[in-house]
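Each remark here refers to the structure printed beneath this line.
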Amino acid sequence: MDGLEKRDQLRRVKAVIFDFDGTLAVLNIDFSLMRERIFALMRHYGIQEKLIQEKYLLEIIDEAYQILWKGNPLNAEDFYQKAHDILHDVEMKAAENGSLLPGTETALQKLREKGMKIGIITRNCEEAVRKVFPDIHDFCDVFVSRNSVKNVKPHPDHLTYVMDLLKVSGEEAVMVGDHLIDVQAGKGVGMKAIGVLTGRITKEEFEKTGADYVLREAAEICNLLKK
Ligand SMILES: [Mg+2]
C-alpha cells in the first residue's frame, strides 16, 4: 500500500486518542520498583506471586484484592488502599521530573485546527498527569485517567467511554500510543492503531501486534492526517 492509499484510509477520522506516558510525555516511572513494592505488600498479606495470573500491575492488584476479599474483606480493602498509595507515590516521583515531549502542544493544536477531536487516556493517575501537563484541558476535549474508569486499557471500557464522550465510532477514531496495550485497546474497539517509537516497543513488535501505522513520534500524526 502506498502513502496516498494509507492516508485515504484515515479519511473518515474525526478524533485522535493519545496515550500519555511515552507518547506525549516522558515520565520514566520506575515500574520495577513499583512491582517490587507491590509484591512485597502482597507477601505481607499472605499472597504468593504464583497465585497471580494477571500480567500488569493494576490488574494484579485487582486480582490480589479478589483473593483477599474471599478470606477477609477488611484485609482486602486495606491492601487495595496501600497498593494504590504505592502506585501514587512512585508515579508522583516520576511526574516531578517528567515533561512533555517536544512538539506535543503544537501537534495537539494543529490537529484541533484541522477539526479533529482530541482524547487523552492513561493508566497513570490523574494527579501525576496534571503535574506534568497542568493545562491539559486547553489541549484536548477529554482526558480520562485511571481515576475516571473502572476498567483501564487494554480493556475496551476505557476507549468506549472516550468514544461516548466524543460522540465518535471506532471507525472515526485512531488510537496513538507507545505500548502494545495501546494498539490492542484501539484495535479492540475498531479503531486504526498507530504505534510510536518514543517508548520501548520496536516497529517489528508493533507490526506483529497489528498496528496499522508506526511513526517515530506522536507529532508526526499531523502529516498523516493532512487533508
Ligand atoms: Mg505509554
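No lab work stands behind these numbers, since they all come straight from the coordinates. As the structure is a prediction and not an experimental result, all values here were calculated from the model. A quick note on method: Cβ atoms are made from the backbone with ideal geometry, for glycine too, and the neighbour counts reach across all protein chains shown.
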message: Just to check, using Stokes-Einstein with a Kirkwood Rh over alpha carbon pairs, what's the diffusion coefficient of the range 31-96 at 4 °C and 1.567 mPa s in µm²/s?
response: 109
- prompt: Which value, to two decimals, describes the C-alpha radius of gyration of the chain once divided by 2.2 N^0.38 Å?
  reply: 1.06
task: Quote the relative contact order of the range 31-96 in percent (integer), defining contacts as alpha-carbon pairs under 8 Å separated by 6+ residues.
output: 32
- prompt: What is the spin-label model distance, in nm, from L51 to E36 if the labels are put 7 Å beyond Cα along the C-beta direction?
  reply: 2.4
query: For the chain, what is the calculated [θ] at 222 nm in deg cm²/dmol (nearest 500), taking -39500 (n - 2.57) for each run of four or more DSSP H residues and dividing by its residue count?
result: -14500 deg cm²/dmol
Sequence ranges 114-124, 204-214, 183-193, ranked by mean other-Cβ count within 10 angstrom, highest first: 183-193, 114-124, 204-214
- request: Could you list which residues have their amide H under 5 Å from that of L215, counting only those 5 or more apart in sequence or on another chain, with H placed in the peptide plane?
  value: G195, V196, L197
query: Around G71, what is the net charge, scoring Lys/Arg as +1 and Asp/Glu as -1 over all other residues with Cβ under 13 Å from its Cβ?
result: -1
task: Please list, in chain and number order, the residues 5+ apart from L27 or on another chain whose amide H is under 5 Å from its amide H, with Hs placed from the backbone.
output: G22
task: Could you state the angle between the C-alpha long axis of helix 104-113 and the longest principal axis of the C-alpha atoms of the chain, as a value from 0 to 90 degrees rounded to the nearest 10?
output: 50
query: In degrees, nearest 10, range 0 to 90: what is the angle between the Cα axis of helix 31-44 and the longest Cα principal axis of the chain?
result: 30
query: With charges only on Cβ, +1 for K and R and -1 for D and E, what is the dipole size of the chain about its Cα centre, in debye, rounded to 20?
result: 500
query: What ³J(HN,Hα) values, in whole Hz, does the Karplus curve 6.51 cos²θ - 1.76 cosθ + 1.60 give for the range 172-181 when θ = phi - 60°, with x put for Gly and Pro?
result: 9, 9, 10, 10, 10, x, 9, 10, 4, 4
task: Over the range 54-198, calculate the relative contact order: mean separation of alpha carbon pairs under 8 Å at least 6 apart, over the residue count, as a percent.
output: 14
